[in-house]
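This report concerns only the one structure given below.
The values are calculated or read from the model by the stated rules, or taken from the named source; none is laboratory data. Small disclaimer: the values here were computed from a predicted structure and weren't measured. Heads up, the Cβs are rebuilt from the backbone with ideal geometry, glycines too, and the neighbour counts pull from every protein chain shown. Areas reflect the complete protein model, heavy atoms only, side chains present, ligands, DNA and RNA absent. Shrake-Rupley method; radii C 1.70, N 1.55, O 1.52, S 1.80 Å.
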Amino acid sequence: MDKNNRTQVMDESDVHGAVARMAREIVEVNEGTDGLVLMGIQRRGTQIAALLVSELERTQGVTLEAGFIDITLYRDDLMVVGPRPIVGESKLPSRGIDGQKVVLVDDVLHTGRTIRAALNELMDWGRPRFIHLCVLVDRGGRELPIQPDTVGQRVELLETQSVEVHVPEIDGALGVEIVTMNPGAV
């Protein structure tokens, strides 16, 4: 029995529309695509970055490089994760990130701690010209002074709510749901 209530806030069409708008904003802010590299944060940020790359390549007629990072070892709560955390793969674009315009992509921005960890990891890999933060959903609730440059959708949530982004490669569907925990359910 599901102990949570789910409300879809973005279906597949909504996500594609948000990605198209975010791609236009990225091109505008970066004055084109020269030197642009997209880096997705594992797990679902990688798939959102791939959607952005596809949209940018389709609309701009260019080929873009993308990579992805796993921030597990850069988390500030690593001791809570356990003695043997599962570390995923990180992959840089072939030209690296030194001097590049990096668009850091994640699915949901909440406290800012994931982004802090991602920034620390990126700095270990090189020195980008600048980093542009792009998220599909900004749910607020920051604990660190980190703000996105490009947002697909902003949502206001209660403490009993969370956001779930679904991507076909992991979840079999594309969309965004708000999940409300039912504190009375056992």
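A few comments on the model shown:
- Residue in the stretch 43-62 that is least open to solvent (accessible area, probe 1.4 Å), counting only those that are modelled with pLDDT of 95 or more and in a loop (DSSP other than H, G, I, E, B): 62
- Among the residues listed as 12, 25, the single one being touching a residue at least 40 places away in the same chain (Cβ under 8 Å), within 14 Å of residue 167 (Cα to Cα) and open to solvent by 50 Å² or more (accessible area, probe 1.4 Å): 12
- Test result for residue 99, more than 20 Å from residue 178 (Cα to Cα), modelled with pLDDT of 95 or more, assigned to a loop (DSSP other than H, G, I, E, B) and small (Gly, Ala, Ser): yes
- Beta carbons closer than 8 Å, at least 6 apart along the sequence or on distinct chains, pair a first residue in the stretch 118-146 that is over 16 Å from residue 103 (Cβ atoms) with a second that is in a helix (DSSP H, G or I) for 120/74; 143/113; 144/113; 144/115; 144/116.
- Inclusion of residue 10 among residues that are under 18 Å from the mean Cα position of the chain (by Cα) and under 22 Å from residue 156 (Cβ atoms) is warranted.
- Residues within the stretch 116-145 that are open to solvent by less than 70 Å² (accessible area, probe 1.4 Å) and either assigned to a strand (DSSP E or B) or closer than 18 Å to residue 26 by Cα (or both), tallied: 9
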